[in-house]
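Asks: The following block contains the structure, expressed as C-alpha cells.
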Amino acid sequence: MKWLLRIGLGLIGAVLGLALLIAGYGTYAAYSALPLTEGTLDASGLSAPATITRDAQGVPWISAGSAPDAYMALGYVHAQDRFFQMEMMRRIGQGRLSEILGPLGLSTDKFMRTLGVYRSAVAGLPALDAETLSAAKAYTQGVNAFLSERKNALPLEFKLLFFTPEPWQIADSLVWQKLMGLQLSGNWSEELGRAAIIAKLGPERAAELWPDTSAKFPATLASVPLHLLTRLHAAMTDVVRPTLASNIWAVGPERTDTGKPYLANDPHLNFQSPNMWYLAGLSYPGVTLTGATMPGVPFHLLGHNGNVAWGFTTTHGDTQDLFIETVSDDGQSYQTPDGEIPFDVRDEAIKVRFGAMHVIRVRTTRHGPVVSDILPEAETQGRVLALSATLLAPDDHSSDAIFQMARAANADDFISAAARFHAPQQNLMYADTLGSIGYIAAGRIPLRRDNACDGLLPADGATGTCDWTGWAPFTAQPQSLNPDLGVLVNANNQVVPDDYPVMIAREWPEGYRAQRIAAQLEGRAGLRLSDQINLQQDQVSLVAREMTPLLVGMLPAQDRQDPLIGQLGQWDGTAAADRVEPLVFALWMERLKVRLFRDEMGDTFGELWGARPALIAKTLTDNAAWCDDVGTPAVESCTDQVKGAWQDTRAWMEANTTPDAEDRFWGHWHVARFSHPVFGNIPGLSGLGGFSITTGGDDHTVNRGSFAGSGASIPFRH
C-alpha cells in the first residue's frame with residue numbers, strides 16, 4: 001500500500017508542478033508583453049528622435065520632428081498596446097480567421113471573401129493622396145518595427161493560439177474603413193428582414209408594421225423564396241450586422257459660457273475587450289492632434305486639432321441595395337436589360353486550422369457580389385441576390401478625407417475635406433475656434449434610374465429599373481452652417497424632410513434621443529462644458545414618459561391598484577440602474593409586442609427587431625386588428641392584450657426577482673459585458689480578458705442602453 005501512496009503523491013506532485021509551470025509561464029508571457037513606457041528604443045526608419053509620453057490614464061502623447069516620424073511612432077504604440085486586436089481586425093477583413101481559429105472562423109471568412117472588402121482596400125491604394133499614403137507607410141513601418149524588435153513580447157493570445165503574425169501591410173490598415181462601412185450601414189439587412197415579412201404576410205398587411213414609411217410595398221417578391229431570405233439573414237455574422245447608435249451636437253458661441261462653440265460626440269459601437277477606441281495625442285511641426293484613433297488605423301477619426309473639432313454619427317442613408325438576379329438554366333450567366341451575360345467568377349481558398357482547405361466559388365454580377373452564394377444550394381427557383389454597396393465602389397477617397405479633415409484650419413477647410421468622404425455615409429459635425437458650427441451628411445448617395453425605387457426591398461436586377469446611375473453631387477448632401485438657433489443635433493434621426501429632392505432614405509430611427517438633446521439645449525444661454533457631459537449621461541426615456549400613461553390608462557381599475565402600477569404612475573421616465581420601474585416597463589412593452597404581432601408573423605417575428613414604441617402606440621390607438629390573437633377562437637381587444645401583457649410582466653417579476661431586493665433593479669439585469677473577441681466565445685474561458693459593468697438607460701435614452709429580451713440567455717443584457 002505504501003508504494004501506491006507514493007505513486008499517488010508523486011502524481012499529485014507532478015500535476016501540481018505542471019499546473020504551477022503553466023501558470024508561471026502564463027504569468028511570464030503576460031508580463032513580458034506589457035508595453036514599454038520608459039527608456040529609449042532604437043527603431044530603424046526614424047529620421048530624428050521622437051518622444052512618447054503617457055499621462056496618468058496611460059494615454060500616449062507623441063511628439064516628432066516630421067509627419068512620417070510621428071506616424072511611425074503611432075504605429076509602434078498601437079502595436080505594443082493592442083496588436084492582437086489589430087491582428088483580429090485585419091484577419092476579419094482578409095477573411096482569414098479560420099487559419100488561427102479553425103472552423104469557428106469559417107462563416108465570417110466566407111462572408112468576407114464573398115464581399116471582397118480586402119480586395120477593395122488593396123485596389124484603392126494607388127488612388128490615395130501622397131500625404132495619406134506617406135502616413136500609412138510610416139505607420140506600417142512602426143508596426144513592423146515592433147514586430148521585429150520585440151518579437152518575444154507579443155500578446156499572450158499569440159502564445160496560447162500558437163501562431164506568429166505576418167508583417168503588417170498598408171491595406172491591413174485601410175480595410176478598417178470597409179469593415180466600418182459594413183457595420184454602419186444596415187440597408188441590406190433591413191431589406192432581407194422586410195422582404196421575409198412581406199413573403200409571410202403579404203404587402204398590404206406588412207406595410208402596417210412600418211406606419212412611418214409612406215412607400216407602397218410591391219407584390220413582386222414571390223420569386224424569392226421565404227426560406228432563402230430568412231436563411232441569408234440568419235447567416236449574417238456579427239461582423240456585418242449593423243451597429244447604428246450615436247449622438248452628436250454642437251452649440252454656437254452665443255449659447256456658451258466661454259463665447260466659443262462646444263461640440264459633443266459619443267459614438268456607440270459594439271462592446272468588446274479591449275475597447276475599439278484608442279485615445280492618443282500626436283504632434284509634429286504645424287500639426288497637433290488629440291482624440292480617438294483605432295488600433296490598426298493611422299488616422300485620428302474624431303477629436304480636435306487646436307482649430308477645429310469634429311465627430312461622427314451614422315446617417316442611416318440607403319447606401320446598399322440587394323438585386324434579385326435571374327440565373328440561366330446552366331447557372332453560368334444572368335439576365336440583364338441587354339440579354340444574358342456571364343457571371344464574373346473566382347475561387348477563394350480558405351485555409352482552415354485543424355481542417356481541410358475550404359474552397360468557395362465567388363460570383364459577381366454588374367451590381368456586385370452574389371451574397372446568397374454563402375448558402376449551400378442558394379439558387380432556389382433560379383434566383384440569387386447580389387449586393388450593391390457604396391463601400392465596395394472603386395475610387396474611394398474616404399481615407400484622404402479623414403486625413404485632411406484632421407488638418408482643417410477652419411470650417412471652410414473642413415467642408416472641402418468632407419467632400420471627399422465616400423463611405424459609409426456619416427453625419428459629420430464640426431466646430432472651429434473662429435466660432436462656426438456645421439453639419440454635413442457626407443458620403444456617396446446613389447442615384448437610382450427610377451425615382452420610384454426606394455431601396456426598401458430587393459429590386460429586380462434583370463430589368464435595370466433600379467440600377468444605380470451615379471452619385472448625388474456634394475451640394476445635394478444635407479448640410480448646415482451656423483444655424484440661427486445656434487444648435488445642431490443628430491442622434492441617428494431623420495436629417496431631411498420627406499420631400500427632399502434626393503432620396504437619402506425612406507426609413508429612419510425614431511427621433512426620441514434627438515428630441516431629448518434638443519430640448520435640453522435650445523433656448524438656453526451660458527451652456528457650460530459640464531452641461532454637455534451631463535447630457536451625454538442623460539437617462540431620461542421619452543418613450544417611457546409617452547407610453548406609460550397610455551398603457552396604465554388601458555388597464556382595468558382593479559389592476560391599477562397594483563403597487564408596481566402606482567410606482568410607474570409616479571415615475572419620471574429616468575431609466576436609472578437603481579430603479580425597478582425601467583425593468584417593469586421594458587418587460588411590459590416587450591410582452592405587449594409579442595402579444596400583438598407574433599401570432600400573425602410566426603417565424604418572421606424576430607425580423608421585427610427593436611422596441612417599436614411608435615408602432616405599438618399606433619396599433620393600440622388606431623389599428624386594433626392586430627390586437628386579436630388569430631390562434632384563439634375569441635376576439636381579443638387591445639385592452640385584453642395590454643392587461644395580458646401586464647399579467648405576463650407580473651409573473652416574470654415574481655419568478656425572477658425577490659421583493660425589496662436588488663435583483664428587482666434595472667441594473668441587476670441591464671449589464672454591459674465586454675468580452676474578449678476569442679476567449680469570450682469559448683466555454684470555460686469566456687471570462688478571460690473581459691469584464692462587466694452595471695448600466696442604466698434604454699434604447700431611447702441619450703446615454704443609450706439597448707438590451708436583449710427577457711427570453712435571451714442573459715435577460716436584458718445591455
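Asks: Go through region 264-308 and tell me which strands (runs of 3 or more DSSP E), entirely inside it, have 2 or more residues that are closer than 21 Å to Met86 by Cα and aliphatic (A, V, I, L, M). Steps first, answer last, please.
Replies: Details: elements: 278-284, 287-293, 302-304.
Correct list: 278-284.
Asks: Follow-up. Scan Gly435, Gly470, Gly455, Gly443 and give me the residue that is surrounded by fewer than 22 Cβ atoms within 10 Å (Cβ to Cβ), of a type outside the set (Ser, Thr, Tyr) and in contact (Cβ under 8 Å) with a residue 60 or more places away in the chain. Step through it out loud before you land on a result.
Replies: Working: Gly470 fails: in contact (Cβ under 8 Å) with a residue 60 or more places away in the chain; Gly455 fails: surrounded by fewer than 22 Cβ atoms within 10 Å (Cβ to Cβ); Gly443 fails: surrounded by fewer than 22 Cβ atoms within 10 Å (Cβ to Cβ).
When all the criteria are applied, what remains is Gly435.
Asks: Just one of Arg96, Arg119 is out of contact with any Phe, Trp or Tyr (no Cβ under 6 Å at 6 or more places or on another chain) and in contact (Cβ under 8 Å) with a residue 60 or more places away in the chain; which is it? If you could, list the steps in order and put the result at the bottom.
Replies: Working: Arg119 fails: in contact (Cβ under 8 Å) with a residue 60 or more places away in the chain.
Checking each option against the conditions leaves just Arg96.
Asks: Please find, within region 329-354, the residue that is most open to solvent (accessible area, probe 1.4 Å) out of those that are touching a Pro at 6+ places or on another chain (Cβ under 9 Å) and part of a loop (DSSP other than H, G, I, E, B).
Replies: Filtering first and then ranking leaves Phe354.
The rows are residues; the columns are (1) under 30 Å from Gly455 (Cβ atoms); (2) open to solvent by 40 Å² or more (accessible area, probe 1.4 Å).
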{"position": "Pro103", "(1), (2)": "no, yes"}
{"position": "Gly124", "(1), (2)": "yes, no"}
{"position": "Ser173", "(1), (2)": "no, no"}
{"position": "Ser185", "(1), (2)": "yes, no"}
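Asks: Pull up region 159-171, narrow it to residues that are over 17 Å from Gln94 (Cβ atoms) and part of a helix (DSSP H, G or I), then point me to the one that is most open to solvent (accessible area, probe 1.4 Å).
Replies: Among those residues, the one meeting the criterion is Leu160.
Asks: Quick one: which residue in Thr701, Thr658 is free of Cβ contacts under 8 Å to residues at least 12 places away in the same chain and in a loop (DSSP other than H, G, I, E, B)?
Replies: It is Thr658.
Asks: Given the structure, is Ser388 surrounded by 23 or more Cβ atoms within 10 Å (Cβ to Cβ), within 20 Å of Glu191 (Cα to Cα) and touching a residue at least 40 places away in the same chain (Cβ under 8 Å)?
Replies: yes
Asks: Here's something else I'd like to know. Scanning region 686-697 for residues that are of a type in the set (A, V, I, L, M, F, W, C) and under 21 Å from Met89 (Cβ atoms), which turns out modelled with the highest pLDDT?
Replies: Phe691
Asks: So, one more: It is to be established whether one or more residues within region 520-529 are under 22 Å from Gln426 (Cα atoms), of a type in the set (A, V, I, L, M, F, W, C) and touching a residue at least 40 places away in the same chain (Cβ under 8 Å).
Replies: We begin by selecting, within region 520-529, every residue under 22 Å from Gln426 (Cα atoms); these are none.
Checking region 520-529: not a single residue is under 22 Å from Gln426 (Cα atoms), of a type in the set (A, V, I, L, M, F, W, C) and touching a residue at least 40 places away in the same chain (Cβ under 8 Å).
Asks: Only one of Ala634, Ala617, Ala611 is at pLDDT below 95, open to solvent by less than 60 Å² (accessible area, probe 1.4 Å) and either out of contact with any Phe, Trp or Tyr (no Cβ under 8 Å at 6 or more places or on another chain) or in a loop (DSSP other than H, G, I, E, B) (or both). Can you tell me which?
Replies: Details: Ala634 fails: at pLDDT below 95; Ala617 fails: at pLDDT below 95.
After applying the criteria, what remains is Ala611.
Asks: State whether the residues of region 108-120 include one that is within 21 Å of Gln404 (Cα to Cα) and open to solvent by 20 Å² or more (accessible area, probe 1.4 Å).
Replies: No; the residues of region 108-120 include none that is within 21 Å of Gln404 (Cα to Cα) and open to solvent by 20 Å² or more (accessible area, probe 1.4 Å).
Asks: Follow-up question, since we're still on this one. Please specify each residue of region 656-711 satisfying the condition of being small (Gly, Ala, Ser), open to solvent by 20 Å² or more (accessible area, probe 1.4 Å) and on the phi > 0 side of the Ramachandran plot.
Replies: Correct list: Gly684, Gly689.
Asks: Residue by residue through region 57-69, note down the ones that are within 30 Å of the chain's Cα centre (by Cα) and either in a helix (DSSP H, G or I) or at pLDDT 95 or above (or both).
Replies: Val59, Pro60, Trp61, Ile62
Asks: Now for a separate question. What about Ala386, is it closer than 26 Å to Trp468 by Cβ and not polar (S, T, N, Q)?
Replies: Working: closer than 26 Å to Trp468 by Cβ: yes; not polar (S, T, N, Q): yes.
The answer is yes for Ala386.
Asks: Of Ala309, Ala356, which residue is small (Gly, Ala, Ser) and closer than 26 Å to Thr51 by Cβ?
Replies: It is Ala309.
Asks: Quick test for you: out of Ala452, Ala401, pick the one residue that is of a type in the set (A, V, I, L, M, F, W, C) and either more than 15 Å from Ala505 (Cα to Cα) or within 25 Å of the chain's Cα centre (by Cα) (or both).
Replies: After ruling out the rest, the residue left standing is Ala401.
Asks: Moving on to the next point. When you check Arg420 against the structure, is it open to solvent by 50 Å² or more (accessible area, probe 1.4 Å), at pLDDT 95 or above, farther than 27 Å from Val327 by Cβ and assigned to a loop (DSSP other than H, G, I, E, B), yes or no?
Replies: Working: open to solvent by 50 Å² or more (accessible area, probe 1.4 Å): yes; at pLDDT 95 or above: yes; farther than 27 Å from Val327 by Cβ: yes; assigned to a loop (DSSP other than H, G, I, E, B): yes.
Yes; evaluated as a whole, the condition is true for this residue.
Asks: Let me ask something additional. Can you find, within region 251-288, the residue that is farthest from the chain's Cα centre (by Cα) among those that are under 25 Å from Ser480 (Cβ atoms), open to solvent by less than 40 Å² (accessible area, probe 1.4 Å) and of a type in the set (A, V, I, L, M, F, W, C)?
Replies: Val251
The values are calculated or read from the model by the stated rules, or taken from the named source; none is laboratory data. Given the structure is predicted, the values throughout are model-derived calculations rather than measurements. Virtual Cβ from ideal backbone geometry, glycine too; neighbours counted across all protein chains shown. Note: areas computed on protein heavy atoms with side chains; ligands, DNA, RNA excluded. Shrake-Rupley method; radii C 1.70, N 1.55, O 1.52, S 1.80 Å.
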